[in-house]
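Read the structure below first, then the notes.
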Amino acid sequence: MKLPGHESAIVPDRKITAFLLSLTHRDGRSKAALKRHAADHEVVATETTVFGTNYVVEGPLLTPDGRSPGVRVVWFIAAGERIPTLVTAYLLKGASND
């Protein structure tokens, strides 16, 4: 299953500027292209609550310098909505940074 609504996914500006593309944030400084990642890879887990559903997407993420580290990206679709919003993204444990 692909992330429902991945083509309309929202990546809040603050997630990009203060975390994902921040050169100073310990965990976020090397991540980009998250909407493409959602389109290219399958959902590996879901968790539904009264607030909505979290979707976990895993797979390699092509970076501008040609590396393809494995990443886990979590998206959230609020109950009654159809558009996913980025929650977090991080390297998979043991993923190569080469």
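The values are calculated or read from the model by the stated rules, or taken from the named source; none is laboratory data. Everything numeric in this text was worked out from a predicted model, so none of it was measured. Because the Cβ atoms are built from the backbone with ideal geometry, glycine has one as well, and the counts that use them run over all protein chains shown.
For segment 12-31, the candidate set comprises residues that are buried (at least 17 other Cβ atoms within 10 Å of the Cβ) and within 12 Å of the chain's Cα centre (by Cα); within that set, the residue that is modelled with the highest pLDDT is K15. In segment 37-77, how many residues are in a helix (DSSP H, G or I), in contact with a helix residue (DSSP H, G or I) (Cβ under 7 Å, 6 or more places away or on another chain) and of a type outside the set (G, A, S)? The number of residues fulfilling the criteria is 0. The listed residues are G94, G52, G66, G70, and the only one of them that is of a type outside the set (D, E, K, R) and modelled with pLDDT of 95 or more turns out to be G52. The one condition from (1) farther than 16 Å from H6 by Cβ; (2) touching a Gly at 6+ places or on another chain (Cβ under 6 Å) that I83 does not meet is (1). Mind listing whichever residues of segment 78-96 are touching a residue at least 60 places away in the same chain (Cβ under 8 Å), in a loop (DSSP other than H, G, I, E, B) and not basic (K, R)? Passing the criteria: I83, P84.
Determine whether segment 34-44 contains at least one residue that is at pLDDT 80 or above, closer than 16 Å to Y90 by Cα, among the hydrophobic types (A, V, I, L, M, F, W, C) and touching a His at 6+ places or on another chain (Cβ under 6 Å). Yes, that holds for at least one residue.
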